[in-house]
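The values are calculated or read from the model by the stated rules, or taken from the named source; none is laboratory data. What you see is a predicted model, and the numbers here were worked out from it, not measured in a lab. When the accessible area is computed, the model is the full protein with side chains, heavy atoms only, and any ligands, DNA or RNA have been set aside. Shrake-Rupley method; radii C 1.70, N 1.55, O 1.52, S 1.80 Å.
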Amino acid sequence: MDDINCANKALDCLMSETGGAGRCQDADEEGAAPGAYHVVVARKLVGTGELVRMLGLSRTRVGHLVAQPGFPEPYDELIMGKVWRIKDVEKWAADHRRELHPLDAE
């Protein structure tokens with residue numbers, strides 16, 4: 001199997017695993033092989049730190065908010081804390097007319 005077919009199979013596998021949330025992007029990093037690509041996967045989970053940025057609130061206020069009835073249940077709890085599906089948070093924000101700030105904004 002040549003490199004292109006192998007890469008396409010890997011990308012197809014990744015896309016099915018992420019529900020189509022991945023995409024190819026030119027690898028312009030120093031030291032990357034000419035014509036190389038890397039895969040970018042969309043964020044699906046957020047923790048308290050991301051909620052602070054998305055909602056523009058303090059960590060304390062976010063802690064109170066996530067404890068309120070009606071806020072989405074956490075998807076899981078890791079050692080670092082609880083995590084929520086970003087789509088659940090986005091739906092909650094839309095239902096409660098809350099503006100969300102993009103995570104990639106500085």
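Phi angles across the range 44-50 convert, under the Karplus curve 6.51 cos²θ - 1.76 cosθ + 1.60 with θ = phi - 60°, into 3J(HN,Hα) values of 10, 10, 9, x, 4, x, 5 Hz, Gly and Pro given as x.
Going by accessible surface with a 1.4 Å probe and the largest first, I79, I86 read I79, I86.
The order of H96, H101 by accessible area, most exposed first and with a 1.4 Å probe, is H96, H101.
Among R97, R43, what's the order by accessible area (1.4 angstrom probe), most exposed first? Walk me through the numbers on the way to the answer.
Numbers: R97 220, R43 125 Å².
Listed by decreasing accessible area, they come as R97, R43.
At the residue level, M80 shows approximately 130 square angstrom of accessible surface with a 1.4 angstrom probe and all protein chains present.
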